[in-house]
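The values are calculated or read from the model by the stated rules, or taken from the named source; none is laboratory data. These numbers come from a predicted model, not from an experiment. Counting neighbours? That spans all protein chains shown, and the Cβs are built from the backbone with ideal geometry, glycine included. For accessibility, only protein heavy atoms count, side chains too; no ligands or nucleic acids. Shrake-Rupley method; radii C 1.70, N 1.55, O 1.52, S 1.80 Å.
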Amino acid sequence: MSARVIHTVAEARAAVAEAQKRGATIGLVPTMGALHAGHGSLIDTARRETDFVVVSVFVNPIQFDRKDDYERYPQDIATDAEFCSARGVDVVFNPRVEEMYPQPQRSFVEVEGVTEHLCGAFRPGHFRGVATVVLKLFNIVQPNRAYFGEKDAQQLAVIQRMARDLNLPIEIVPVALVRERDGLALSSRNRRLDAAERQAALMLSRVLFAVRDRIGAGSVDAAQLKREAEAEFGREPGLRVEYFEIVDADEMQPVERVAAPVRVAVAAFAGSTRLIDNVLCTPPAASH
Ligand code: PAF
């Protein structure tokens, strides 16, 4: 069956209310469209775990720190709707900017601490924009569960923190990152890469996997691991690394020693396209 594509808040509320009246549990997958197999995995998980699946497709202007990035963000609702229909989605919520922001937004959600490092340090206002639109979507759709990819590990940590801090009655479900066979993390931005840039981008997962192996083998000195990684990145002139950090898995604060599970995270430009990737690494002492 085709997913129903709706564009207004009122229609979204009505569709959800009707499903709730039947006793259905509601799953929400917030996206900005340009759907790929990574989103597919979020949708499939939501489909398995809830009765009525809503996928929001909304390119949220207030989370972009660069106007050109917003303007270049791929948008193709017809293809996204087909993608959702093939996966049994009930409703695609695709509001216009004026529907989500009918007047200038004056209320924002600020999640402190978790947003200090990694992308938060380089994209001013980004997580404020993400947390704000996600809370708006939660209030519109009122899901029982909402699904977020571990590809955006810091975003996931921000949403988990917001849900706890603000007592939201919603279970935030993390879903594992999906990679191409050669290791490249799936991202809507990958479609902007030319062949040379895509080749250069492979260095991201290569270095992350190498660091994960080193941590698995007992390396604990974060500064040393960072130096080794930076040397490796230096061999790839097609990449401009923005940050490479080893942070604790919940608070996203840089660690000096790897004594518990950590996220090793990187952001880099291949040409003008900014890519992020991360791996969760567990030191041998913490894995028993
Ligand atoms: O991850 C994304 O696609 C976006 O940041 C989100 C969560 C849909 C909010 O706009």
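Out of the helices (runs of 4 or more DSSP H) lying entirely within segment 148-257, which hold 1 or more residues that are within 16 Å of the ligand (Cβ to nearest atom), under 20 Å from LEU280 (Cβ atoms) and open to solvent by less than 10 Å² (accessible area, probe 1.4 Å)? By residue number, 153-165. Taking the numbered list (1) under 14 Å from ILE26 (Cβ atoms); (2) outside any loop (DSSP other than H, G, I, E, B); (3) more than 13 Å from the chain's Cα centre (by Cα) in turn, PRO143 passes all entries but (2).
Here is a yes/no grid of residues against (1) open to solvent by 70 Å² or more (accessible area, probe 1.4 Å); (2) more than 13 Å from the ligand (Cβ to nearest atom); (3) in contact with a strand residue (DSSP E or B) (Cβ under 9 Å, 6 or more places away or on another chain):
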| position | (1), (2), (3) |
| --- | --- |
| ILE62 | no, no, no |
| ILE77 | no, yes, yes |
| ASN94 | no, no, yes |
| LEU118 | no, yes, yes |
| ALA121 | no, yes, yes |
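For segment 96-116, taking the residues that are under 22 Å from ILE172 (Cβ atoms) and touching a helix residue (DSSP H, G or I) at 6+ places or on another chain (Cβ under 7 Å), the one that is most open to solvent (accessible area, probe 1.4 Å) is identified as GLU110. Pairs only if they're at least six apart or on different chains, beta carbon under 6 angstrom, first in segment 70-95 and closer than 18 Å to LEU42 by Cβ and charged (D, E, K, R), second modelled with pLDDT of 95 or more and surrounded by 13 or more Cβ atoms within 10 Å (Cβ to Cβ); list them, first residue then second. Cβ pairs passing all conditions: ASP80/GLY33; ASP80/LEU35; ASP80/VAL57; ARG87/ILE43; ASP90/PHE52; ASP90/VAL53.
Residues that are away from the ligand (no atom under 11 Å from the Cβ), touching an Asp or Glu at 6+ places or on another chain (Cβ under 9 Å) and not small (Gly, Ala, Ser) within segment 124-147 comprise PRO124, ARG128, PRO143, ASN144, ARG145, listed in sequence order.
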